[in-house]
Amino acid sequence: MRILAIESSHDDTSIAVYENKKVLHEITWSQTEFHKKFGGTVPEYAARKHAVSICQVLVEIEKEIDLKTIERVAYTEKPGLIGSLNVGKVFAHALAYSLNVPIDPVHHMHGHIFSAFFKGDAKFPAIALMTSGGHTQLWKIDSPFEKDIKVIGTTKDDAIGEVFDKVARKLKLGFPGGPIIDKLAQKGENTINFKINITNDFDFSFSGIKTKVINYIHKQNQTNKEIVLEDLAKSFQDAIFEPLIEKTKMAIEEFKPKTLILGGGVSANTQLRSEFEKLHENTLIPDMKYTTDNASMIAIASDIMNSYKG
Ligand code: KG4
Ligand code: ZN
């Protein structure tokens, strides 16, 4: 089944053409540079930019792929920025109608989960740790049927990527903060205690760590003391990854998964990838290019979820 997939939930306009677990072509136009000056994505600008770029991205795709060969159109239905999602939805529907092929709305987080399947097949039940700019969730997947894919824990306040971005903004390091903090942490030592108590359930809360880091930055600034960025980054990462790792261990203990999956933008993080890999003998961690938002993950989710026979 040859699938054309569209992802436009946040600030990337991405179209991929996919067949049999292979990406035939993918083009992603990122708006990150544009939104940098605001310190974060401005939803109204994002939607307007998608509306302009989505046609241009399809024109680029058409240079390589004959659209008459497309057998299904998949698109990100939810969750995400409503204006941005709508651009993708309307465009996908118009394209499917004009090609006379079926249309498949895909959940963005299912895309992140199945992005790891480019690396290999999972055995079920599987547990997936999803870590993005909008979500931090543990999922239990009993099969690729939609009814068998369930959230078992979620963040009660900030998403993990959001905290990386907020800490980086407070330190005036730039946007998005995740990759910058990742690099700094690799050269740092854990010298500051930002750790929080870990609750005995599958939910997450990161506002405590965020407040501790921001208070520390204020205190150092007010007393004219130096902030060693590398050490702050390493201490912050140790504190924020601890609940992720510990709660994944709890889920392994309780559900005895046969595969462990990592996904979402923060799964690009060097330390998280290395700590996660050690948790289970069968881990699926997406290639770097599939950690952040992309249309290929929407295509593979649509393929696996629709072709699974049980
Ligand atoms: O999944 P994603 O591309 O978009 C959403 O759906 O939210 O995730 C974006 C998030 C941003 O918060 C960014 O700072 C974070 O992923 N991120 C990272 C790294 N690369 C991206 N966080 C930590 N370490 C990284 N290397
Ligand atoms: Zn995402």
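Considering Tyr75, Tyr18, which residue is among the aromatic types (Phe, Trp, Tyr), within 16 Å of ligand 2 (Cβ to nearest atom), within 23 Å of the chain's Cα centre (by Cα) and modelled with pLDDT of 95 or more? Full working, then the answer.
On the way: Tyr18 fails: within 16 Å of ligand 2 (Cβ to nearest atom).
Testing whether each residue is among the aromatic types (Phe, Trp, Tyr), within 16 Å of ligand 2 (Cβ to nearest atom), within 23 Å of the chain's Cα centre (by Cα) and modelled with pLDDT of 95 or more leaves just Tyr75.
So in segment 299-310, with the set limited to residues that are open to solvent by 30 Å² or more (accessible area, probe 1.4 Å) and part of a helix (DSSP H, G or I), which one is modelled with the lowest pLDDT? Lay out the reasoning, then the answer.
From segment 299-310, those open to solvent by 30 Å² or more (accessible area, probe 1.4 Å) are 305-310; that's our starting set.
Adding the requirement that they be part of a helix (DSSP H, G or I) leaves 305-307.
Numbers: Met305: 97, Asn306: 97, Ser307: 94.
Looking at the filtered set, the residue picked out is Ser307.
Quick one: which of Lys219, Lys195 is surrounded by 14 or more Cβ atoms within 10 Å (Cβ to Cβ), away from ligand 1 (no atom under 16 Å from the Cβ) and of a type in the set (D, E, K, R)?
Numbers: Lys219 fails: surrounded by 14 or more Cβ atoms within 10 Å (Cβ to Cβ).
Of Lys219, Lys195, the one residue that is surrounded by 14 or more Cβ atoms within 10 Å (Cβ to Cβ), away from ligand 1 (no atom under 16 Å from the Cβ) and of a type in the set (D, E, K, R) is Lys195.
Among His10, His25, which is the only one that is within 28 Å of Asn306 (Cβ to Cβ), of a type outside the set (Lys, Arg), within 16 Å of ligand 2 (Cβ to nearest atom) and crowded, with 16+ Cβ neighbours inside 10 Å? Don't jump to the end; show me each part of the working.
Values: His25 fails: within 16 Å of ligand 2 (Cβ to nearest atom).
After ruling out the rest, the residue left standing is His10.
Applying the selection to segment 247-260, what residues are touching a residue at least 40 places away in the same chain (Cβ under 8 Å) and either in a strand (DSSP E or B) or not aliphatic (A, V, I, L, M) (or both)?
To start, the set of residues in segment 247-260 that are touching a residue at least 40 places away in the same chain (Cβ under 8 Å) comprises 247-248, 250-252, 255-260.
Selection gives Lys247, Thr248, Phe255, Lys256, Pro257, Lys258, Thr259, Leu260.
Would you say Ile152 is surrounded by 16 or more Cβ atoms within 10 Å (Cβ to Cβ) and away from ligand 2 (no atom under 16 Å from the Cβ)?
Values: surrounded by 16 or more Cβ atoms within 10 Å (Cβ to Cβ): yes; away from ligand 2 (no atom under 16 Å from the Cβ): yes.
Yes: the conditions hold for Ile152.
Could you go through segment 106-129 and let me know if any residue there is under 21 Å from Lys212 (Cα atoms) and within 9 Å of ligand 1 (Cβ to nearest atom).
In the first step, residues of segment 106-129 are kept if they are under 21 Å from Lys212 (Cα atoms); the result is none.
No, every residue in segment 106-129 fails to be under 21 Å from Lys212 (Cα atoms) and within 9 Å of ligand 1 (Cβ to nearest atom).
Taking segment 261-293 on its own, how many of its residues are more than 14 Å from Phe117 (Cα to Cα) and either open to solvent by less than 60 Å² (accessible area, probe 1.4 Å) or free of Cβ contacts under 8 Å to residues at least 60 places away in the same chain (or both)?
Of the residues in segment 261-293, 17 are more than 14 Å from Phe117 (Cα to Cα) and either open to solvent by less than 60 Å² (accessible area, probe 1.4 Å) or free of Cβ contacts under 8 Å to residues at least 60 places away in the same chain (or both).
Arg169 versus (1) surrounded by 18 or more Cβ atoms within 10 Å (Cβ to Cβ); (2) within 14 Å of ligand 1 (Cβ to nearest atom); (3) in a helix (DSSP H, G or I): which is the lone unmet condition?
(1)
A quick yes/no check of all residues on (1) open to solvent by 20 Å² or more (accessible area, probe 1.4 Å); (2) closer than 17 Å to Lys21 by Cβ; (3) of a type in the set (Phe, Trp, Tyr):
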residue: Lys78; (1), (2), (3): yes, no, no
residue: Phe91; (1), (2), (3): yes, no, yes
residue: Leu95; (1), (2), (3): no, no, no
residue: Asn100; (1), (2), (3): yes, no, no
residue: Phe118; (1), (2), (3): yes, yes, yes
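Do we find that Ser296 is more than 16 Å from ligand 1 (Cβ to nearest atom), outside any loop (DSSP other than H, G, I, E, B) and buried (at least 24 other Cβ atoms within 10 Å of the Cβ) in this structure?
Values: more than 16 Å from ligand 1 (Cβ to nearest atom): no; outside any loop (DSSP other than H, G, I, E, B): yes; buried (at least 24 other Cβ atoms within 10 Å of the Cβ): yes.
Criteria not met by Ser296.
Looking only at segment 79-112, filter to residues that are small (Gly, Ala, Ser) and either part of a helix (DSSP H, G or I) or more than 18 Å from Val151 (Cβ to Cβ) (or both); which one of those is farthest from ligand 2 (Cβ to nearest atom)? Don't jump to the end; show me each part of the working.
Pass one, segment 79-112, residues small (Gly, Ala, Ser): 80, 83-84, 88, 92, 94, 96, 98, 111.
Retained after the next criterion (residues that are either part of a helix (DSSP H, G or I) or more than 18 Å from Val151 (Cβ to Cβ) (or both)): 83-84, 88, 92, 94, 96, 98, 111.
Details: Gly83: 16, Ser84: 12, Gly88: 13, Ala92: 17, Ala94: 24, Ala96: 23, Ser98: 28, Gly111: 7 Å.
Residue satisfying both the conditions and the ranking: Ser98.
Being assigned to a helix (DSSP H, G or I) and under 21 Å from Pro102 (Cβ atoms) is true for just one of Ile6, Ile15, Ile61. Which residue is that?
Ile61
Filter segment 131-145 down to the residues that are under 14 Å from His112 (Cα atoms) and either away from ligand 1 (no atom under 12 Å from the Cβ) or aliphatic (A, V, I, L, M) (or both), then identify the one that is most open to solvent (accessible area, probe 1.4 Å).
That would be Lys140.
The values are calculated or read from the model by the stated rules, or taken from the named source; none is laboratory data. If you're wondering where the values come from, they're calculated on a predicted model, not measured in any experiment. Positions of Cβ are backbone-derived with ideal geometry, glycine not excepted, and every protein chain shown enters the neighbour counts. The protein model used for the area step is the full one, side chains on, heavy atoms only, and it has no ligands, DNA or RNA in it. Shrake-Rupley method; radii C 1.70, N 1.55, O 1.52, S 1.80 Å.
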